[in-house]
Amino acid sequence: MNIAVIGTGYVGLVTGVCLAEIGHSVTCLDIDEEKVSLLNHGRSPIFEEGLEDLLGKNLRRGRLEFTTDYEEGLAGKEVVYLAVGTPETADGSADLTFIEAASRAIAGHLKQNAVIVTKSTVPVGTNQSIKRMIEAELAEPVQIRIVSNPEFLRQGTAVQDTFHGERIVIGSDDPIALELLEEINRPFQLPIVKTDLRSAEMIKYASNAFLAAKISFINEMAHLCAHVGANVDNVAEGMGMDSRIGSKFLQAGLGYGGSCFPKDTNALIAMGRSHDYPMPLLGSVQHVNENQREWLVEMIQARLGSLEGKTIALLGLTFKPNTDDMRESPAIRVAEKLQAAGAMLRGYDPVAVSRARQLMPAEIMLTDNLQEAVQAADCAVIVTDWKQIKDLPLTEYARLLASPLLFDGRNCFALKDAEASEIEYHSIGRPTVNSSRAVTSLASH
Ligand SMILES: NC(=O)c1ccc[n+]([C@@H]2O[C@H](COP(=O)([O-])OP(=O)(O)OC[C@H]3O[C@@H](n4cnc5c(N)ncnc54)[C@H](O)[C@@H]3O)[C@@H](O)[C@H]2O)c1
């Protein structure tokens, strides 16, 4: 099949590369010249495991190309995937500016009948508007059909998720388009859920909102665990073994971030608002999530007192491990709060130092060397559970820090390991370990 993919971000690039890998002939199009030039040289602008290998392989096979030119990108394409961003507007609703611009460009350059496939996450009803918009502006008398094919990949495991995902959702009110999408996706050998157009759009939002709710649920339990002296990880384990509940997304921590959950819950609430339904459950999910960052900072302040002049190592800056994406990362809010309280910050991340420079407070010292960040700091704060951070033994943290004090916002270490080490260890919804270890060294610092 001849396919064009519009937008080469996390979703578009992975989609284009993987469609080429299963045998389709793919042209990816982006308005970002720098990205397209990198991609044409076989270099991925994003960090995603396995992506660059597949990119190079399919460029060499001649199944994949990149362009900034719509005329060239759409020439002879029977299927056009839309994978541009749908960020958040000031009132929380989805910003469809990029979708609209891409739709207009498609309308202006399409010279043959085509099926438009929307991968971008868009509010219910948007696909119908896209179809109307393209039809109203078509430069040639061609026929278009529309399909919603929401994306469920997770950044960090995007390639793996594309080949081994749990389902592919395709929604359309047009049986011919549905059948074509089924055929395109057949080589992935994954279960395919076929629905009407609006239900497919809704499935994406409902799925993300449910996962966000699960995270906030366990974080709310973590607060109560901290008050009553229970261990939230044990609680999650005991809950998660019930298959009606499931163990995934039950890790207490600093809450969700990234480019999807925050904006998609907001967009869903905005959708509710426009239909006079306030979505009270989701409002609480967001409230609990925001509160997690505050809770960690309060924990640090309660332990250290004034943060004026204290050096704090912030470990892990991306919104989750194995990605370089810092959009809505909890690290940003935590850093702002700690700095406002007078702390001197050092930030460590194995891949996102240059992105962090644009998003973090200017005064923060940034490094991709974990030991350098921790060395002689008054305490360390784990924000993102990168493997490098989990692999450094607690005895090493204790040895490197000026005072052996660790706040773990992701519950990376077992309490029994913390107990066996020299470190005073605070985590989320679990009892504090070695409570007074850091007292002497802090006092003398
Ligand atoms: N990132 C994820 O994990 C993820 C997962 C599932 C769904 N989604 C959804 O997929 C969509 C894309 O997300 P993303 O993270 O890949 O976004 P992104 O911001 O990483 O990439 C979007 C790309 O579109 C390009 N673009 C913008 N306007 C264009 C135009 N008119 N023509 C051509 N290219 C244009 C941009 O230059 C950019 O490269 C969003 O709706 C998002 O909600 C994202």
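Filter the range 382-431 down to the residues that are among the β-branched types (Val, Ile, Thr) and over 24 Å from Gly255 (Cα atoms), then identify the one that is surrounded by the fewest Cβ atoms within 10 Å (Cβ to Cβ).
Within the range 382-431, the subset among the β-branched types (Val, Ile, Thr) is 382-384, 389, 395, 423, 428.
In the following step, the residues that additionally are over 24 Å from Gly255 (Cα atoms) were identified as 395, 423.
Details: Thr395: 14, Ile423: 28.
Checked the range 382-431; the qualifying residue surrounded by the fewest Cβ atoms within 10 Å (Cβ to Cβ) is Thr395.
Filter the range 224-273 down to the residues that are polar (S, T, N, Q) and free of Cβ contacts under 8 Å to residues at least 60 places away in the same chain, then identify the one that is surrounded by the fewest Cβ atoms within 10 Å (Cβ to Cβ). Break it down stepwise before answering.
Start the filter on the range 224-273 by keeping residues that are polar (S, T, N, Q), which leaves 231, 234, 243, 247, 251, 259, 265-266.
Within this subset, residues satisfying the condition of being free of Cβ contacts under 8 Å to residues at least 60 places away in the same chain are 234, 243, 247, 265.
Details: Asn234: 13, Ser243: 7, Ser247: 14, Thr265: 25.
Looking at the filtered set, the residue picked out is Ser243.
Just one of (1) closer than 22 Å to Ile269 by Cα; (2) part of a helix (DSSP H, G or I) trips up Ala90, so point out which.
Going through (1) closer than 22 Å to Ile269 by Cα; (2) part of a helix (DSSP H, G or I) one by one, Ala90 breaks only (2).
Can you work out which of the residues in the range 127-153 that are within 11 Å of the ligand (Cβ to nearest atom) and touching a residue at least 60 places away in the same chain (Cβ under 8 Å) is farthest from Leu181 (Cα to Cα)? Please lay out each step first, then the result.
We begin by selecting, within the range 127-153, every residue within 11 Å of the ligand (Cβ to nearest atom); these are 149-153.
Going one step further and asking which of them are touching a residue at least 60 places away in the same chain (Cβ under 8 Å), we end up with 149, 151, 153.
Working: Asn149: 9, Glu151: 14, Leu153: 18 Å.
Residue satisfying both the conditions and the ranking: Leu153.
Name the one entry in Leu315, Leu281 that is away from the ligand (no atom under 16 Å from the Cβ), modelled with pLDDT of 95 or more and surrounded by 18 or more Cβ atoms within 10 Å (Cβ to Cβ).
Numbers: Leu281 fails: surrounded by 18 or more Cβ atoms within 10 Å (Cβ to Cβ).
Going through Leu315, Leu281 in turn, just one is away from the ligand (no atom under 16 Å from the Cβ), modelled with pLDDT of 95 or more and surrounded by 18 or more Cβ atoms within 10 Å (Cβ to Cβ): Leu315.
For the structure I just gave you, tell me whether Leu281 is in a helix (DSSP H, G or I) and in the same structural domain as Val383 (by TED's automatic domain parsing). Steps first, answer last, please.
Values: in a helix (DSSP H, G or I): yes; in the same structural domain as Val383 (by TED's automatic domain parsing): yes.
So Leu281 fits the description; yes.
Condition check ((1) hydroxyl-bearing (Ser, Thr, Tyr); (2) near the ligand (Cβ under 9 Å from one of its atoms)) across all residues:
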| residue | (1), (2) |
| --- | --- |
| Met1 | no, no |
| Val14 | no, yes |
| Glu21 | no, no |
| Glu34 | no, no |
| Ser37 | yes, no |
| His41 | no, no |
| Glu48 | no, no |
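Mind counting the residues in the range 50-73 that are within 14 Å of the ligand (Cβ to nearest atom) and among the basic types (Lys, Arg)?
First, the residues of the range 50-73 that are within 14 Å of the ligand (Cβ to nearest atom): 51, 66-73.
Okay, now just the ones that are also among the basic types (Lys, Arg), so none.
Residues meeting the conditions: 0.
Would you check if there is a residue in the range 239-247 being assigned to a helix (DSSP H, G or I) and more than 29 Å from Arg346 (Cα to Cα)? Explain how you work it out, then say what you get.
The first filter runs over the range 239-247 and keeps only residues assigned to a helix (DSSP H, G or I), leaving 239-240.
In the following step, the residues that additionally are more than 29 Å from Arg346 (Cα to Cα) were identified as 239-240.
Yes: one or more hits.
Pull out all pairs, ordered by first then second residue, where Cβ-Cβ is under 6 Å, the residues are six or more apart or on different chains, the first lies in the range 96-118 and is assigned by TED's automatic domain parsing to the domain that holds Val79, and the second is among the acidic types (Asp, Glu) and assigned to a helix (DSSP H, G or I).
Arg104/Glu137; Ala107/Glu137; His109/Glu71
Quick check on the range 23-32: of everything there that is within 11 Å of the ligand (Cβ to nearest atom) and surrounded by fewer than 20 Cβ atoms within 10 Å (Cβ to Cβ), which residue is farthest from Arg104 (Cα to Cα)?
Filtering the range 23-32 for residues within 11 Å of the ligand (Cβ to nearest atom) gives 28-32.
After this cut, where a residue has to be surrounded by fewer than 20 Cβ atoms within 10 Å (Cβ to Cβ) as well, the list is 31-32.
Working: Ile31: 14, Asp32: 17 Å.
Checked the range 23-32; the qualifying residue farthest from Arg104 (Cα to Cα) is Asp32.
Considering each of Thr8, Thr68 in turn, give the residue that is within 22 Å of Met326 (Cα to Cα), of a type in the set (S, T, N, Q) and in contact with an Asp or Glu (Cβ under 7 Å, 6 or more places away or on another chain). Quick ask: steps written out before the conclusion?
Working: Thr68 fails: within 22 Å of Met326 (Cα to Cα).
Selected residue: Thr8, the only one of Thr8, Thr68 that is within 22 Å of Met326 (Cα to Cα), of a type in the set (S, T, N, Q) and in contact with an Asp or Glu (Cβ under 7 Å, 6 or more places away or on another chain).
In the list Arg186, Arg167, which residue meets the criterion of being basic (Lys, Arg), touching a Leu at 6+ places or on another chain (Cβ under 7 Å) and not assigned by TED's automatic domain parsing to the domain that holds His287? So that I can check it myself, show each step before the final result.
Details: Arg186 fails: touching a Leu at 6+ places or on another chain (Cβ under 7 Å).
Just a single option satisfies the conditions, and that option is Arg167.
Take Thr89 and tell me if it is surrounded by fewer than 18 Cβ atoms within 10 Å (Cβ to Cβ), within 15 Å of the ligand (Cβ to nearest atom), without any contact (Cβ under 8 Å) to a residue 40 or more places away in the chain and closer than 17 Å to Ser259 by Cα. Give the steps one after another, and end with the answer.
Values: surrounded by fewer than 18 Cβ atoms within 10 Å (Cβ to Cβ): yes; within 15 Å of the ligand (Cβ to nearest atom): yes; without any contact (Cβ under 8 Å) to a residue 40 or more places away in the chain: yes; closer than 17 Å to Ser259 by Cα: yes.
Yes, satisfied.
For (1) more than 11 Å from the ligand (Cβ to nearest atom); (2) surrounded by fewer than 20 Cβ atoms within 10 Å (Cβ to Cβ); (3) over 28 Å from Leu51 (Cα atoms); (4) over 19 Å from the mean Cα position of the chain (by Cα), each residue gets a yes or a no:
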position: Gly125; (1), (2), (3), (4): yes, yes, yes, yes
position: Gln155; (1), (2), (3), (4): no, no, no, no
position: Val169; (1), (2), (3), (4): yes, no, no, yes
position: Asp173; (1), (2), (3), (4): yes, yes, yes, yes
position: Ile192; (1), (2), (3), (4): yes, yes, no, yes
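The values are calculated or read from the model by the stated rules, or taken from the named source; none is laboratory data. These numbers were taken from a predicted model, which means no experiment stands behind them. Positions of Cβ are generated from backbone atoms using ideal geometry, with glycine treated the same way; all protein chains shown enter the neighbour counts.
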